[in-house]
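Provided herewith is a single structure, encoded as structure tokens, for subsequent inquiry.
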2 protein chains.
Amino acid sequence: MGEFDLIERFFKQQPSPSSVCSSFEATHSIALGIGDDCALLRPALGMALAVSSDMLVEGRHFFADVDPAALGHKALAVNLSDLAAMGAEPLAFTLALALPPERAGDSAWLTAFACGLHALAAAHGCPLVGGDTVAGPLNICITVLGQVPADQALRRDGAQAGDDLWVSGALGHARLALMALRGELTLPADQLAAARQRLERPVPRLALGRALRGIASSCIDLSDGLAGDLGHLLKASRVGARIDIERVNPISARSPDSTGENLLEPRGALALALSGGDDYELAFTAPPTARANVAAAAGASVTAVTRIGQITAASGLKLRDAEGREVNSPFTSFDHFFTTAKNSP
Amino acid sequence: MGEFDLIERFFKQQPSPSSVCSSFEATHSIALGIGDDCALLRPALGMALAVSSDMLVEGRHFFADVDPAALGHKALAVNLSDLAAMGAEPLAFTLALALPPERAGDSAWLTAFACGLHALAAAHGCPLVGGDTVAGPLNICITVLGQVPADQALRRDGAQAGDDLWVSGALGHARLALMALRGELTLPADQLAAARQRLERPVPRLALGRALRGIASSCIDLSDGLAGDLGHLLKASRVGARIDIERVNPISARSPDSTGENLLEPRGALALALSGGDDYELAFTAPPTARANVAAAAGASVTAVTRIGQITAASGLKLRDAEGREVNSPFTSFDHFFTTAKNSP
């Protein structure tokens, strides 16, 4: 199958029932979609255009045997998460796809991948408008385009000493699933399925990001783990932060045997939450006077948020326990975890 | 070297003499550049945003031993060529780069690649505003963003029967260089150097594209060869075309011996021009009444253009010789060439 056939068959969305999966109406912001040298977009008047590119590589960002529909979902979700972190609303995306011959000839795989991609795109009114298909080791590069009033964009560099530090949702479940898939621990089926959903089908927090316009002083999405990504925000804002660890939603890994015992040591559970990665939640800051507004934004977007600490004038990230004692943190790296010995492989 | 160090060191442009190569002033259309979850752009009032993504894979689009500065140039040039084909002016680009360990640790290679990239970007006022760096087989994905008045964009679907068919520059030299680099023929050093420049450092025809706004009825850039790319334009416009082959600039491959004889048979020379690929010239159409305007646009952009045929109501691409006879064309494929036997390897 040639490049153009492949785009036409799997990726060019048509409002007909013959397309490979559900499609959606063209939006008025797309002046010209797939099929020319460029797509043409019309951001609304007064809106800045937000743009972000992410690249996913087989073996690095996903397993070769991943469900292709989940892969299609995740490839777009991680980009939409960048829009969410700016408070931007999606407009459109481009897809550049390098496919090895065995994938390019696998209609079932491509159909499932395209459906996963388009279903999420349709849910957010964000059509595919262009891209490229080439032969090569499997590589997925998506560039997402959105719009946001320039003066209301949620940047990384606006955090102020004294601001509250917030996170959305719960942290660490994606990494817990990865550990289970790697055989590093064994979870009961229901917990594995839930954690795997978090790993493979992250939910971009677009509604929350948009609701936080004019409220949050800074925001970042969590792809590499809270400790690392918050570090970027702190650096950009030239501040530090303190996290009250008892406020971070505790994560547990239940033993699949009848005891239901937590397989994670307390430090392991904390490490998962702080450094797990692949959560695609938002970390953001807002002044304490804005707590009611933050709660209203969370309510309006039906997204849980938790206040986990405070921005400090002194640089660096500090952890504090329930008794107010500073906790030593080795959690800057992605790769350090602590599980109880009895469940280790 | 981590991802963020690598971006900071090689790709984030700074207006200081310590940066790895020449930089340029931030443009007013960039509200926020590298370093946040998204970049923010402000297209000028009334402008549509043009967007295009291209992916280059080692072994497929370039040789592993290619000059990295030329690779940086070409990776951006092929994207800028898409903007040229829409009549759009560049605003900014994102770069997603998958690097194997030996490249990620090769400062000289990365510096040269970044310089080639940034030099072309600076020449067109098109700064890098974001992207991604990951570990993986070498893969370069650039998304370029530009702007054009939506009603003046040079689309593929506007050609009308009776329109003149034009091409810019000369065709076939990039493919001639590829043949020489593959050892399929031997060229004198000066001709090889010139052809190789066309292959490795294509010139995006941005000024011509922009000058053709309001003049050309359709336009496409030539990446896969005139016959193939023109086919896309004809299909989109639901028309056909006739090419007068004696008007296509003849390409010759000089024998490196004292005879200076042309190594290409006439059909081989024509095949190179029609199906060579990698030319990144523009093919465009305009009504015969616009010939003076086309000439003026070519003059204003200092770009040679040649009228090579005409759009026809009947579909398909036909070739006609100087005597008006139809020539049988096997030149739809990229891979068919004809050289004289004596110079074959």
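No value in this document is a laboratory result; all are computed from the given coordinates. Values in this document were obtained by computation on a predicted structure and should not be read as measured data. Note: ideal-geometry Cβ built from the backbone for every residue, glycine included; neighbour counts use all protein chains shown.
Karplus couplings for segment B:87-93 from phi (6.51 cos²θ - 1.76 cosθ + 1.60, θ = phi - 60°), rounded to Hz, Gly and Pro as x?
Taking θ as phi minus 60°, the curve returns x, 8, 9, x, 10, 5, 9 Hz for segment B:87-93.
A further question follows. How many Å³ per residue does the convex hull of the Cα positions in the protein assembly as shown occupy?
So the per-residue hull volume is 173 Å³.
Something else now. Per residue of B:310-320, what is the mean number of Cβ atoms on other protein chains within 10 angstrom of that residue's Cβ?
Mean shielding by partner chains, rounded to a whole number: 0.
Ordered by residue, what ³J(HN,Hα) values in Hz, to whole numbers, does segment A:257-265 give under the Karplus form 6.51 cos²θ - 1.76 cosθ + 1.60, where θ = phi - 60° and Gly and Pro are x?
Those phi angles translate into 7, 5, 6, x, 4, 6, 7, 9, 5 Hz.
Follow-up. What are the ³J(HN,Hα) couplings of segment A:70-76, residue after residue, when phi is run through the Karplus curve with 6.51, -1.76, 1.60 and θ = phi - 60°? Round to Hz, x for glycine and proline.
5, 5, x, 4, 5, 4, 7
Using every pair of alpha-carbon atoms in segment B:171-228, split the distances into 10 Å bins beginning at 0 and state the percent of pairs per bin, rounded to integers.
P(r) for segment B:171-228, in whole percents per bin: 21, 39, 26, 12, 1.
Let me ask something else. For the residue pair A:Ser258 and A:Glu184, what label-to-label distance in nm results when each label sits 7 Å from Cα along the Cα-to-beta-carbon direction?
3.1
Once both axes come from the Cα atoms, what is the angle between helix A:226-237 and the longest principal axis of chain A, in degrees from 0 to 90, rounded to 10?
It works out to around 90 degrees.
Using only the alpha-carbon atoms, how far is helix A:189-200 inclined from the longest principal axis of chain A? Give it as 0 to 90 degrees, nearest 10.
The angle comes out near 60 degrees.
Mind ordering B:226-232, B:176-182 by average Cβ neighbours within 10 Å, highest first?
B:226-232, B:176-182
How far is B:Arg307 from itself in the other copies, in nm, if each label sits 7 Å out from Cα along the Cα-Cβ line, shortest first?
Distances between equivalent label points, in nm: 7.5.
With N set to the residue count of segment B:164-322, report its C-alpha Rg divided by 2.2 N^0.38 Å to two decimal places.
That ratio works out to 1.06.
Tell me, what does the Kirkwood hydrodynamic radius of segment B:25-104 come to in angstroms if you use every pair of distinct C-alpha atoms?
Roughly 14.8 Å, rounded to one decimal.
Need one number for segment A:81-222: average projected area of the convex hull over its C-alpha atoms, nm².
Value for segment A:81-222: 11.3 nm².
Would you mind checking B:Lys235/B:Lys318; A:Lys74/A:Lys235; A:Lys235/B:Lys12 for any pair whose Cα atoms are more than 20 angstrom apart?
Result: A:Lys74/A:Lys235 exceed 20 Å.
Helix A:107-123: angle to the longest alpha-carbon principal axis of chain A, degrees 0 to 90, nearest 10?
Approximately 70 degrees, to the nearest ten.
Taking Cα centroids, how far is segment A:61-94 from segment B:82-130 in Å?
Here the two parts' Cα centres lie 23 Å apart.
Moving to a separate point now. Amide H of B:Ser218: which non-local residues (sequence gap of 5 or more, or other chain) have their own amide H closer than 5 Å, using H built in the peptide plane?
Under 5 Å from the amide H of B:Ser218 lie the amide H atoms of B:Thr285, each far enough along the sequence or on another chain.
Another question, if that's okay. To the nearest Å, what is the center-to-center distance of segment A:210-285 and segment B:134-167, using C-alpha atoms only?
Comparing the Cα centres of segment A:210-285 and segment B:134-167, I get a distance of 42 Å.
While we're looking at this one, here's another question. Could you rank the peptides B:138-146, B:121-129, B:297-305, A:143-151 by their average count of other C-beta atoms within 10 Å per residue, with the highest value first?
Averaged packing, sorted descending, gives the order B:138-146, A:143-151, B:121-129, B:297-305.
Here's a follow-up. How are the Cα pair distances of chain A distributed, in percent, across 20 Å bins from 0?
Result returned by the calculation: 30, 55, 16, 0.
How far apart, in nm, are two points set 7 Å out from the Cα along the Cα-to-Cβ line at B:Glu246 and at B:Gln160?
3.0
With no solvent and one point on each alpha carbon, what is the Debye value of log10 I(q)/I(0) for segment B:43-163 at q = 0.16 Å⁻¹?
-0.76
Going by amide H atoms built from the backbone, whose H comes under 5 Å of the H on B:Ala92, apart from near neighbours?
B:Leu145
If you take every DSSP beta bridge whose two residues both sit in chain B, what share of them, in percent to the nearest 5, is antiparallel?
Counting only bridges with both partners in chain B, antiparallel ones make up about 75 percent.
With labels modelled as points extended 7 Å from the Cα through the Cβ direction, what inter-label distance (nm, one decimal) is found for B:Ala108 paired with B:Ala135?
2.5
Something else about it: Assume the label is 7 Å from Cα along Cα to beta carbon: what separations in nm does A:Asn328 have to the matching positions in the other copies?
8.4
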